[in-house]
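In what follows, a single structure is set out as structure tokens and then discussed.
The values are calculated or read from the model by the stated rules, or taken from the named source; none is laboratory data. On a predicted model such as this, the values are computed, not experimentally measured, just so you know. Please note: Cβ atoms are built from the backbone with ideal geometry, for glycine as well, and neighbour counts cover all protein chains shown.
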Amino acid sequence: MGTRGMLSRDELDALVEAGDIDTVIVAFCDMQGRLTGKRISARLFADDVAEHGAECCNYLLAVDVDNNTVDGYAISSWETGYGDMVMTPDFATLRLIPWQPGTALVMADLSWTDGRPVTQAPRSILNRQIDRLAERGLVPYAATELEFIVFDDTYRDAWAAGYKGLTPATDYNIDYAMLASTRMEPLLRDIRLGMDGAGMYCEGVKGECNFGQQEVGFRYDHARTTCDNHTIYRNGAKEIADQHGKSLTFMAKFDEREGNSCHIHISLRGDDGSAVFADSDAADGMTPMFRSFIAGQLATMREFSLCYAPNINSYKRFAEGSFAPTAIAWGFDNRTCALRVVGHGAGMRMENRAPGGDVNQYLAVSALIAGGLYGIENELELPDALEGNAYKSGAERLPTTLAEAVELFDNSTIAREAFGDDVVDHYLNYARVELKAFNAAVTDWERVRGFERL
């Protein structure tokens, strides 16, 4: 093995032959950002699936959060018979899963049975944007800072309680606090070591502001690798929490305190590995390409907000003074802005602070690339950096509801040119399904407000 936990096909075959691996998970990321797939006998994988792939129902890219079949998707319906897609393993992603004995996992690309790619699949969307960069001799690198809240309740107990009255793992703000975070260290350590053993580079973990809230950071990597790792990590962290008799949530806004963020750092390099964002001779240290890249983010952020904030709950995180952004502005090391420029020299990069913990990483990074390319291709001029408190500035604002984001995405010529009508319409339907379900639901807030007093 090279990177710890990563496997070649020959290494997998040897482990299967020795009886050390008995199960291979073949998986992909669904619309909701969830790891989806099947467990396959390691022998069958080695004998057949490795070469030919594995089939799965195409409804997996056309269901709601509860896996209910819903109308409105061109690729999957009762009328078309809910046929198959093919999961083709990408062996660059083959790895051990240390918290599941005898198990390896490989991420897959989705295609139709005639070999055509499923363009609406999140990984396919990202691959298209990576290819667009490659045409310019550019390669994207990304890293994530993903937050979650830990509870002392099990997932099944939380479900039975209707997710009410749960006990967070700490009782107060634990931002950078060592003592209170130590209470969670057995779980956090298993998450860190588990991800390291699954081929990732976990840089560390720190307490955050909400009760029981933690942030795990991973070292930057190629954008596709980062998104693959992100999907495996989100699933794995929940599995490990379950093994500890605890639960954790990545939802953007669990309560009225601080939400869960997923800050995304992104930079580009030349295909020769050269840094293309930093210019030591420039007064601000930035190349014209980097300036246009950021300008493209500013120009597209409202229209692409559905890619950064895909759910009803996502928009409740955008609150003034919460360290989640409200203003579409950029600044040097300014955490009140949606876009924060950090690092220096070859490490100079942009951080997008808009995504929450519920984000589909592939869609968000695809939007970052598409927005950056829009700025580069049109040589957009970057306005001056915002200094001071962006919450109090006159900068344009992020959308405040999913409905507003849907309208912006639907009417975005830039999105349709970058992603294609098939992709845009597919994810618009996803959002509209969520809106319809939410608008039909009667919430606890309504009962408290109206049961007696109205």
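Scanning the range 7-22 for residues being buried (at least 18 other Cβ atoms within 10 Å of the Cβ) and touching a residue at least 40 places away in the same chain (Cβ under 8 Å) gives a total of 4. Checking every residue in the range 398-418 against the condition of being farther than 30 Å from Phe332 by Cβ, touching an Asp or Glu at 6+ places or on another chain (Cβ under 8 Å) and β-branched (Val, Ile, Thr) gives zero matches. Checking Val341, Val365 one by one, the residue that is under 30 Å from Ala62 (Cβ atoms), aliphatic (A, V, I, L, M) and touching a helix residue (DSSP H, G or I) at 6+ places or on another chain (Cβ under 8 Å) is Val365 and no other. Scanning the range 48-79 for residues that are over 30 Å from Leu12 (Cα atoms), over 25 Å from the mean Cα position of the chain (by Cα) and surrounded by 13 or more Cβ atoms within 10 Å (Cβ to Cβ) yields a total of 1. The set of residues from the range 1-27 being at pLDDT below 95 and of a type outside the set (Gly, Ala, Ser) comprises Met1, Thr3, Arg4.
Residue by residue, here is whether (1) among the aliphatic types (A, V, I, L, M); (2) under 12 Å from Ile21 (Cβ atoms); (3) assigned by the TED database to the domain that holds Ile369; (4) over 19 Å from the mean Cα position of the chain (by Cα) holds:
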site	(1), (2), (3), (4)
Asp84	no, no, no, yes
Thr88	no, no, no, yes
Thr93	no, no, no, no
Ile97	yes, yes, no, yes
Gln100	no, yes, no, yes
Thr103	no, yes, no, yes
Met107	yes, no, no, no
Leu110	yes, no, no, no
Pro122	no, no, no, no
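Please determine, by comparing only the residues of the range 435-453 that are of a type in the set (A, V, I, L, M, F, W, C) and not in a helix (DSSP H, G or I), which one is farthest from Pro310 (Cα to Cα). Before you say what the answer is, go through the steps one by one.
Quick first cut of the range 435-453, residues of a type in the set (A, V, I, L, M, F, W, C) only: 435, 437-438, 440-442, 445, 448, 451.
Right, trim to not in a helix (DSSP H, G or I) and you get 441-442, 451.
Working: Ala441: 18, Val442: 21, Phe451: 31 Å.
Among them, the one singled out is Phe451.
Residues that are part of a helix (DSSP H, G or I), in contact with a helix residue (DSSP H, G or I) (Cβ under 6 Å, 6 or more places away or on another chain) and either among the small types (Gly, Ala, Ser) or crowded, with 24+ Cβ neighbours inside 10 Å (or both) occur in the range 307-328; there is at least one. Would you be able to say whether some residue in the range 240-252 is closer than 18 Å to Glu145 by Cα, among the aliphatic types (A, V, I, L, M) and touching a Lys or Arg at 6+ places or on another chain (Cβ under 6 Å)? Among the residues of the range 240-252, at least one is closer than 18 Å to Glu145 by Cα, among the aliphatic types (A, V, I, L, M) and touching a Lys or Arg at 6+ places or on another chain (Cβ under 6 Å), which makes the answer yes.
Being touching a Leu at 6+ places or on another chain (Cβ under 9 Å) and of a type in the set (Asp, Glu) holds for only one residue in Glu379, Glu387, Glu417, Glu434, and it is Glu434.
Out of Leu138, Leu126, one residue alone is crowded, with 17+ Cβ neighbours inside 10 Å, modelled with pLDDT of 95 or more, touching a Gly at 6+ places or on another chain (Cβ under 7 Å) and among the aliphatic types (A, V, I, L, M). It is Leu138. Within the range 373-392, not a single residue is modelled with pLDDT of 95 or more, surrounded by fewer than 23 Cβ atoms within 10 Å (Cβ to Cβ), within 19 Å of the chain's Cα centre (by Cα) and not in a loop (DSSP other than H, G, I, E, B).
Let's see how each residue does on (1) at pLDDT 95 or above; (2) aliphatic (A, V, I, L, M); (3) within 25 Å of Thr167 (Cα to Cα):
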| site | (1), (2), (3) |
| --- | --- |
| Glu258 | yes, no, yes |
| Gly285 | no, no, no |
| Phe293 | yes, no, no |
| Leu306 | yes, yes, no |
| Pro325 | yes, no, no |
| Asn334 | yes, no, no |
| Cys337 | yes, no, no |
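Within the range 149-163, can one find any residue that is closer than 19 Å to His230 by Cβ and modelled with pLDDT of 95 or more?
So in the range 149-163, the residues closer than 19 Å to His230 by Cβ come out as 149-150.
Going one step further and asking which of them are modelled with pLDDT of 95 or more, we end up with 149-150.
Within the range 149-163, one or more residues are closer than 19 Å to His230 by Cβ and modelled with pLDDT of 95 or more.
For the range 340-365, which residues satisfy the criterion of being under 13 Å from Ser267 (Cα atoms) and touching a Lys or Arg at 6+ places or on another chain (Cβ under 9 Å)? Arg340, Val341, Val342, Gly343, Ala346, Met350, Glu351, Asn352, Val365, listed by residue number. Residue count for the range 273-283, restricted to those that are modelled with pLDDT under 95 and of a type outside the set (Gly, Ala, Ser): 2. Remark: pairs (first residue in the range 386-402, in the same structural domain as Ile312 (by the TED database) and without any contact (Cβ under 8 Å) to a residue 60 or more places away in the chain; second residue surrounded by 15 or more Cβ atoms within 10 Å (Cβ to Cβ) and not hydrophobic (A, V, I, L, M, F, W, C); Cβ separation under 7 Å; 6+ apart in sequence or on different chains) = Leu386/Gly331; Leu386/Asn334; Leu386/Ser393; Glu387/Gly331; Asn389/Thr336.
Which of the strands (runs of 3 or more DSSP E) contained wholly in the range 184-302 include at least 3 residues that are surrounded by fewer than 23 Cβ atoms within 10 Å (Cβ to Cβ)? Fully inside the range 184-302 and qualifying: 202-207, 213-218, 262-270. Please verify whether the range 128-144 includes one or more residues that are part of a helix (DSSP H, G or I), small (Gly, Ala, Ser) and within 29 Å of Ala415 (Cα to Cα). Yes, the conditions are met somewhere in the range 128-144.
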